[in-house]
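Remarks on the structure that follows.
None of the figures in this text is laboratory data; all of them are computed from the coordinates on show. Everything quoted here is computed from the prediction, not taken from an experiment. Here the Cβ is made from the backbone with ideal geometry for all residues, glycine too, and neighbour counts use every protein chain on show.
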Amino acid sequence: MAENDKQPLGELMVRTMAMPADTNPDGDIFGGWVLSQMDIAGGIFATKLARGRTVTVSLESMSFHRPVLVGDVVCCYCHMIKKGNTSVTINVDVWISRRNQDDRIKVTEGVFKYVAIDADRRPRPIK
């Protein structure tokens, strides 16, 4: 087990519960729902770092390690990997707590890139 798989790294940006409405036809939590939570978390973090509006420009990598189940508390942690002139690359790790269990489990991770934009939706420098 890698060191970063023992405890979350970075800042908690999103904490929510996986609900029955978030499932696929087989009753598992839909991967797209998890991905959207990650993008929301990364967007909040990117906006904080850029001190203003940002947009998602790419999902550079994504790995699902374990399933998310109905009732799991889903926590998205973010930390910056790289900051450029107008962009920021952020790692988003998702950890869950299962009902009636104390342990946290890392279920997925992804690397997202965001670009800071101005009022005209054009890239702007990150201060």
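Observations, loosely collected:
- Partner lysines for LYS127 [C-alpha distance under 29 Å; skip if fewer than 8 residues away on the same chain]: LYS48, LYS82, LYS83, LYS113
- Applying 1/(1 + (r/R0)^6) with R0 = 25 Å to the Cβ-Cβ distance of THR47 and MET19 gives a FRET efficiency near 0.45.
- Taking label positions 7 Å along the Cα-Cβ direction at both ASP120 and VAL73, the computed distance is 4.7 nm, reported to one decimal.
- Gain in span if fully extended, ILE81 to ASN100, counting 0.36 nm per residue against the direct Cα distance: 3.5 nm
- Shape category assigned to segment 2-57 from the gyration tensor of Cα positions, a/c cut at 1.5: oblate
- Taking amide hydrogens as placed 1.01 Å from N in the peptide plane, the amide H of THR23 sits under 5 Å from those of PHE30, each at least 5 positions away in sequence or on another chain.
- Each residue of segment 110-127 was assigned a 3J(HN,Hα) from its phi angle through the Karplus expression (A = 6.51, B = -1.76, C = 1.60, θ = phi - 60°), giving x, 10, 10, 10, 10, 10, 6, 10, 9, 5, 8, 6, 9, x, 9, x, 8, 7 Hz with x at Gly and Pro.
- Per-residue Cβ neighbour rank within 10 angstrom, fewest leading, LEU59, LEU12: LEU12, LEU59
- 3J(HN,Hα) from dihedral phi, segment 95-107, Karplus parametrisation 6.51/-1.76/1.60, rounded to Hz, x for glycine, proline: 10, 10, 10, 7, 4, 6, 10, 8, 6, 9, 10, 7, 10
- Distant-in-sequence amide H partners of MET17 (H built 1.01 Å from N, under 5 Å): VAL74
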